[in-house]
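**Student:** Take this structure first; my questions come after.
Taken together, the values in this text are just the output of simple stated rules run on the coordinates, not laboratory data. What you are looking at is a predicted structure, and each value in this text was computed from that prediction instead of being measured. Please note: Cβ atoms are built from the backbone with ideal geometry, for glycine as well, and neighbour counts cover all protein chains shown.
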Amino acid sequence: MDKLDVRGMSCPQPVLMTKNAITSNPSNIEVIVDNNTAKNNVSRFLKNAGYNLSIKELGEDYLILAKK
């Protein structure tokens, strides 16, 4: 499982880093974001890439769990 921590980054950086992380086509990926905009944009990107998502709140952060 690939893990990606993009906290502290503003868009489009979290989406671009997620795009780079899935180039090897992992079946599972975890992305930690720290704002709603990044959560929405990364989630939308992963859904369009064919992943099923679940999102968990971790205090002020969000953990996006994506599976193919």
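**Student:** Sketch the reach of a paramagnetic label on S10 as a point 7 Å from Cα along Cα-to-Cβ, and name the residues of region 30-53 whose backbone nitrogen lies under 13 Å away.
**Tutor:** 37-38
**Student:** Would you mind counting up the charge near P26? Only other residues with Cβ under 13 Å from its Cβ, with Lys and Arg at +1 and Asp and Glu at -1.
**Tutor:** Net local charge, P26 excluded: +2.
**Student:** Here is a follow-up. Over the chain, what is the relative contact order in percent, taking alpha-carbon pairs closer than 8 angstrom and at least six residues apart?
**Tutor:** 34 percent
**Student:** What whole number of Å gives the distance from the Cα centroid of region 36-68 to the Cα centroid of region 3-25?
**Tutor:** First find each Cα centre; the distance between them is then 11 Å.
**Student:** Around M17, what is the net charge, scoring Lys/Arg as +1 and Asp/Glu as -1 over all other residues with Cβ under 12 Å from its Cβ?
**Tutor:** Value of the local net charge: +1.
**Student:** Assign unit charges at the C-beta atoms only (+1 for Lys and Arg, -1 for Asp and Glu), then state the dipole size of region 2-67 relative to its Cα centre in Debye, rounded to the nearest 20.
**Tutor:** Computed about the Cα centre, the dipole is about 280 debye.
**Student:** Students often check this: by mean Cβ neighbours within 10 Å, which of 23-29, 61-67, 10-16 ranks highest, and how do the rest follow?
**Tutor:** Ranking the peptides 23-29, 61-67, 10-16 by packing returns 61-67, 10-16, 23-29.
**Student:** Of I32, L65, M9, whose Cα points farthest to the positive end of the dipole of the chain (charges on the beta-carbon: +1 Lys, Arg; -1 Asp, Glu; origin at the Cα centre)?
**Tutor:** L65
**Student:** Further question on the same structure: Give me the net charge for the shell around R7: Cβ to Cβ below 13 angstrom, other residues only, Lys and Arg +1, Asp and Glu -1.
**Tutor:** Taking every other residue near R7 into account, the sum is -3.
**Student:** Still on this model: Report the equivalent ellipsoid semi-axes for the chain in whole Å, largest first, defined as the square roots of five times the eigenvalues of the gyration tensor built from alpha carbon atoms.
**Tutor:** 17, 13, 10
**Student:** Given the rule -39500 (n - 2.57) for each run of at least 4 DSSP H residues, summed and divided by the residues of the chain, what is its mean residue ellipticity at 222 nm, to the nearest 500 deg cm²/dmol?
**Tutor:** -10000 deg cm²/dmol
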